[in-house]
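Presented below is the structure to which this report refers.
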Amino acid sequence: MAGRRTRKPGASSETVALPTGAEKTARVRAMFDTIAPRYDMVNRLMTFGLDQVWRRTTVSALSLPPGSRVLDLACGTGDLSRIALRAGHQVVGADLSAGMLAANGTTTPLVEADGSRLPFSDGAFDGLVCGYALRNFTDLAATLAECARVLRPGGRLAVLEVDAPTSRLWRAGYDVWFTKAVPALGGALSDRAAYRYLPTSVAYLPPAPTLRAMVRAAGFSAVGIRPLAGGLSQLIVATRSGTP
Ligand SMILES: C[S@@+](CC[C@H](N)C(=O)[O-])C[C@H]1O[C@@H](n2cnc3c(N)ncnc32)[C@H](O)[C@@H]1O
């Protein structure tokens, strides 16, 4: 296995090998196929329901009028899509995992697709949301380039992802919760291997300055990255470059 061995804030204290390339794509797909039936329940318990607050913040950050065409990339079971629908947007969901799409209870059109090869035409969307998937993408640069391609110039990007708090006290609690309680809870209710992967997969995320540079290089301007709830999650917003 070609792997990264690394440790980052929020990652387990163990040194963990993380897959890369085609092996990562296959393992991520299989993992989400497995956990799909109980994904929503475990999410709510893991975050005490805060995940939905952060998703609402993400959709609002698009700052688009009702009726806008919005792609929910890596839509999973459809939490962000539902919020975007309630905001009056026309939503399409895309995801790698057939299992997650089967558990998706929304009324939006759904497409099984890899984020690095999206089956949509250039400029097809006014906005793109993506929740908790950045670290799962095998080729982040290619996926960000696809996000830029399918957005019209002036289109809006809002990406929600996990983060690690910087305050020492907050961070200590977070480390215990994320690296001990979450795998135990996920293991009891769903699949232990998948919920051990969750904290370790934070190591795939580039540091904020690198991520900002990658988003810019993909074709975005006005790139902002801000922590949510003291750094429990982060929100990346940007505008597709070019003249609308
Ligand atoms: C943690 S879940 C998040 C689901 C949903 N966005 C949410 O907010 O609950 C990550 C999702 O990313 C999807 N995913 C992972 N790699 C992907 C890829 N390369 N292309 C598209 N979707 C991908 C997974 O199948 C999974 O549904």
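The values are calculated or read from the model by the stated rules, or taken from the named source; none is laboratory data. Note that the structure is predicted; figures quoted are calculated from it, not measured. Glycine gets a Cβ as well: all are built from the backbone with ideal geometry, and neighbour counts include every protein chain shown.
Overview of values
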quantity: Set A208, A194: member being within 24 Å of I35 (Cα to Cα) and either surrounded by fewer than 18 Cβ atoms within 10 Å (Cβ to Cβ) or touching a residue at least 24 places away in the same chain (Cβ under 8 Å) (or both); calculated: A194
quantity: Residues of segment 66-77 classified as over 12 Å from the mean Cα position of the chain (by Cα) and either closer than 18 Å to P37 by Cβ or near the ligand (Cβ under 7 Å from one of its atoms) (or both), total; calculated: 1
quantity: Some residue of segment 37-58 being touching a strand residue (DSSP E or B) at 6+ places or on another chain (Cβ under 6 Å), within 21 Å of A148 (Cα to Cα) and more than 13 Å from the ligand (Cβ to nearest atom); calculated: no
quantity: Filter result (surrounded by 24 or more Cβ atoms within 10 Å (Cβ to Cβ) and among the polar types (S, T, N, Q)) within segment 78-96; calculated: S81
quantity: Residue satisfying condition, being among the basic types (K, R) and under 18 Å from the mean Cα position of the chain (by Cα), within set R156, R149; calculated: R156
quantity: Scope segment 78-102; condition more than 24 Å from E23 (Cα to Cα) and hydrophobic (A, V, I, L, M, F, W, C); matching residues; calculated: L80, I83, A84, L85, A87, V91, V92
quantity: Filter result (of a type in the set (D, E, K, R) and more than 6 Å from the ligand (Cβ to nearest atom)) within segment 111-145; calculated: E112, R117, D122, D126, R135, D139
quantity: Which numbered condition D163 fails, given (1) touching a residue at least 12 places away in the same chain (Cβ under 8 Å); (2) surrounded by fewer than 21 Cβ atoms within 10 Å (Cβ to Cβ); calculated: (2)
quantity: Residues located in segment 167-191, provided they are touching a Pro at 6+ places or on another chain (Cβ under 7 Å) and charged (D, E, K, R); calculated: R171
quantity: Qualifying residue in segment 94-103 (condition: in contact with a strand residue (DSSP E or B) (Cβ under 7 Å, 6 or more places away or on another chain), near the ligand (Cβ under 10 Å from one of its atoms), at pLDDT 95 or above and on the phi > 0 side of the Ramachandran plot); calculated: no
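So that you can scan it fast, the table gives a plain yes or no per residue for (1) surrounded by 15 or more Cβ atoms within 10 Å (Cβ to Cβ); (2) under 17 Å from the mean Cα position of the chain (by Cα); (3) at pLDDT 90 or above:
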site	(1), (2), (3)
S167	no, no, no
G173	no, no, no
S190	yes, no, no
L198	yes, yes, no
Y204	yes, yes, yes
L228	yes, yes, yes
R240	yes, no, yes
